[in-house]
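To start, the structure under review is shown below, and the notes come after it.
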Amino acid sequence: YTKTGRTVHVSGRLVINVIGTGSATTISGFPFTAINPAFTMPGSVGYFINLAINTLHIVIDKNANDTTARFLHLTAVGTVMTAGPSIMGNSTTIDFEITYEVA
């Protein structure tokens, strides 16, 4: 991650060898807590493979007031982005970037 003033930019690669008992839509451990969600825009996912469900498009959305983010996905044309059902599974890889504002 890089923090400049109140702006944090995070880029990462999520690699899951074997899915455990944690969340299959949310990741935690971001370096800073985001402020009001009005200042948080979804990030981008540049690459994904071996998801647990068929998915057309994914974005990452930083949750406000904590250090987690969730993956929103689109499973069919004409539907809305959703956080469920679980998208992560064995051998899932997701490359992402997100920029958000902190207090």
For this session: Among what's in the stretch 10-25 and is open to solvent by less than 60 Å² (accessible area, probe 1.4 Å) and modelled with pLDDT of 90 or more, pick the residue that is farthest from L51 (Cα to Cα).
Result: V10
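Taking the stretch 26-41 as the region of interest, how many residues are open to solvent by 70 Å² or more (accessible area, probe 1.4 Å) and under 19 Å from A83 (Cα atoms)?
Selection size over the stretch 26-41: 4.
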Exercise. Going by the structure shown, is L72 outside any loop (DSSP other than H, G, I, E, B) and over 21 Å from T2 (Cβ atoms)?
Worked result: yes
For this session: Filter the stretch 75-103 down to the residues that are outside any loop (DSSP other than H, G, I, E, B) and open to solvent by 30 Å² or more (accessible area, probe 1.4 Å), then identify the one that is nearest to G46 (Cα to Cα).
Result: D95
Exercise. Would a scan of the stretch 39-46 turn up a residue that is in a loop (DSSP other than H, G, I, E, B) and without any contact (Cβ under 8 Å) to a residue 40 or more places away in the chain?
Worked result: no
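The values are calculated or read from the model by the stated rules, or taken from the named source; none is laboratory data. Given the structure is predicted, the values throughout are model-derived calculations rather than measurements. Every residue, glycine as well, gets a Cβ built from its backbone with ideal geometry; the counts of neighbours run over all protein chains shown. Protein only, heavy atoms only, side chains kept; ligands, DNA and RNA dropped before computing areas. Shrake-Rupley method; radii C 1.70, N 1.55, O 1.52, S 1.80 Å.
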